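The values are calculated or read from the model by the stated rules, or taken from the named source; none is laboratory data. None of the values given here were measured: they were computed from a predicted structure. Methodologically, a virtual Cβ is constructed for each residue, glycine included, from the backbone with ideal geometry; neighbour enumeration extends over all protein chains shown. SASA here: full protein model, heavy atoms, side chains in, ligands and nucleic acids out. Shrake-Rupley method; radii C 1.70, N 1.55, O 1.52, S 1.80 Å.
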Amino acid sequence: MITARQLPEDAIRARAREGSAAIFPDVGGYGRSLFGADVDSGGDELDRARIVPPVFVPRRLEKMFDLAREPVYGDVGLSTVLGGFTAPSPVFLCAFGSTQVAGSGLGIAASEQAGRLGMPMVIGENVVPMHGYGRMGESAEDGLLGRIRAYAGAVPDGLGGVVVQQSTEDADAEVWNLVYSDPSATKLLETGRLAFELKVGQGAKPGLGGMTVLSRTAAGEIAEQYTVDETFGTDTAMVLRSSSPGTFTGEILRQQIHLMRNNYPRSRAWVKLHPGRDVGEAAQVAWAAGADAVTVDGAEGGTGWAPSVFLDQVGLPLVECLRRVGKHDASLLVSGRVWEGARALKCLAMGASAVGLGRAALLAVDEDATEGLVRLVRCLELELRLLTSALGKYDLADLTSDDLWFPGSSARTEQHG
């Protein structure tokens, strides 16, 4: 057997042996694994950035005068408004679509806990075309309606909100029309806590539509709506299902947002962008057209299924997306490997209004279906308070990039609060 040490020999041999199946993760892990970009032990650039408290803290002095005592970390305020929703902290639940890993009760459990927390929740694309809406004999456990009911039954008055994502296939199924007119969503709609999100792309596979793995039987039922490929070989029980990525220009995006505003005037309008090179321009177009929030998924964002080359080599890292979008008065929501307070604070300091929990939320719910997500968020919130207080600040809006130091940066970090 020949060798070629300068090349990834095992990967090349796998392609020669397995064919197109080798460009994806092991299909045997589908439904039990969550995927994302590989990150070395030192983390990505955002992980390596240091949070740098100053010596002089004039805002702490101001807070001391306000309170008539020395301020402590418990005095840091976390409540915020994101995408038109009031939230107890700058955290939202990322979109879980039709992928199998969000099934088996995890999607419902995450929805209920998010509701109790009062955190906004996004329901991902393709749930209705794949699993049904959840009424008239359809499974409520897997359907979109089950997630809405679980959330609405737990959320406190005046907090949170549900965001329903739509893809090309969802539009064909009239998903937004179904939700907008459903009695289960009436209270959310009447209290301004319902939003629709136009999905332009996602971090784990920029430029592609949604992807899942299906049995041949299930694929046969939706073959007219989706692209179905024999990627894993004709002798296997599984096939690849792919959604359309949609076609966008600046004008098309503007018109889509205008239609959302006109057709669903009582709901909020959100837009989700993938980490494209023009993400800053696209965000500005969305906000100018009237979007209540723009969500940017960094290349580190997770997924239930994607080609390995997209996970590792396509899209801008979250930190670069934040640089290209910059500070903005409108709601900028971001996601990508967020699970604890330090990474969340760094995103907020660079201009984000809130951060999303995706894979971390599913792991937490898988660990404890009753309290796992609640505990995870409480940990993040405590870390946010501790870190913000250490910076001598008590309002998240006061965080800036001066609070961060990036190794190798030639810029000097400011020495005042």
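Max-minus-min Cα coordinates of region 304-417 on each principal axis give 43, 35, 29 Å, with the largest extent listed first. Dividing the mean sequence gap of close Cα pairs (under 8 Å, 6+ apart) by how many residues region 232-310 holds gives a relative contact order of 27 percent. Based on Cα contacts under 8 Å between residues 6+ apart, the chain shows a relative contact order of 22 percent. Residue pairs exceeding 26 angstrom between C-alpha atoms, taken from LYS327/LYS393; LYS63/LYS272; LYS63/LYS346: LYS63/LYS272.
Report the chymotrypsin sites (Phe, Trp or Tyr not before Pro) located in region 133-233 that are in a DSSP loop and have at most 11 other Cβ atoms inside 10 Å of their Cβ, or state none.
none
Using the rule -39500 (n - 2.57) for each DSSP H run of four or more residues, divided by the residues of the chain, the 222 nm mean residue ellipticity is -10000 deg cm²/dmol. When DSSP beta bridges are restricted to pairs lying wholly in the chain, around 30% turn out antiparallel.
For the pair ASP398 and ARG378, what calculated FRET efficiency results from E = 1/(1 + (r/R0)^6), where r is the Cβ-Cβ distance and R0 = 35 Å, to the nearest 0.05?
According to the calculation, E is roughly 0.95.
Of the residues ILE108, ILE51, ILE252, the one that moves most in a GNM of the chain with alpha-carbon contacts below 10 Å is ILE252.
Leaving out ligands and nucleic acids, and using a 1.4 Å probe, what accessible area per residue does the chain come to in Å²?
Here the per-residue accessible area is 45 Å².
Treating r as the C-beta distance of VAL72 and THR186 and R0 as 45 Å, the FRET efficiency rounds to 0.60.
For SER308 and GLN6, a Förster radius of 22 Å and the Cβ-Cβ distance give a FRET efficiency of 0.60, rounded to the nearest 0.05. Largest mean-square fluctuation among THR234, THR295, THR370, in a Gaussian network model of the chain whose springs join Cα atoms under 10 Å apart, belongs to THR234.
The distance linking region 342-358 with region 20-43 is 25 Å (Cα centroid to Cα centroid, whole angstrom).
Using a Gaussian network model on the chain with a 10 Å cutoff between Cα atoms, which of GLU381, GLU300, GLU371 fluctuates the most? Comparing GLU381, GLU300, GLU371 in the GNM, the peak value goes to GLU371. Of MET119, MET211, MET64, the order by accessible heavy-atom surface (1.4 Å probe, DNA, RNA and ligands excluded), from most exposed downward, is MET64, MET211, MET119.
Protection proxy ranking for 257-270, 316-329, 344-357, 396-409, using the average of other Cβ atoms within 10 Å per residue and placing the highest first: 344-357, 316-329, 257-270, 396-409. Under 13 Å of direct C-alpha separation, and excluding same-chain neighbours fewer than eight residues apart, LYS199 reaches these aspartates and glutamates: GLU125, GLU169, ASP170, ASP297.
Couplings 3J(HN,Hα) of region 316-324, computed from phi: 7, x, 4, 4, 6, 4, 4, 5, 6 Hz, in residue order, whole Hz [Karplus 6.51 cos²θ - 1.76 cosθ + 1.60, θ = phi - 60°; x for Gly and Pro].
Summarising the amide proton neighbourhood of VAL164: residues at separation of 5 or more, or on other chains, whose placed amide H is nearer than 5 Å comprise ILE123, ALA195, PHE196, GLU197. With the full set of protein chains in place, find how many percent of the accessible area of the chain is carbon and sulfur; take the probe as 1.4 Å. The value for the chain is 51 percent carbon and sulfur by accessible area. Computed from backbone phi with θ = phi - 60° and the Karplus coefficients 6.51, -1.76 and 1.60, the 3J(HN,Hα) list for region 363-370 is 4, 5, 5, 5, 6, 8, 5, 9 Hz; x is used for glycine and proline.
Only one item in (i) 22.3, 71; (ii) 20.7, 68; (iii) 21.9, 78 matches Rg and Dmax of the Cα atoms in Å derived from the coordinates shown, and that item is (iii).
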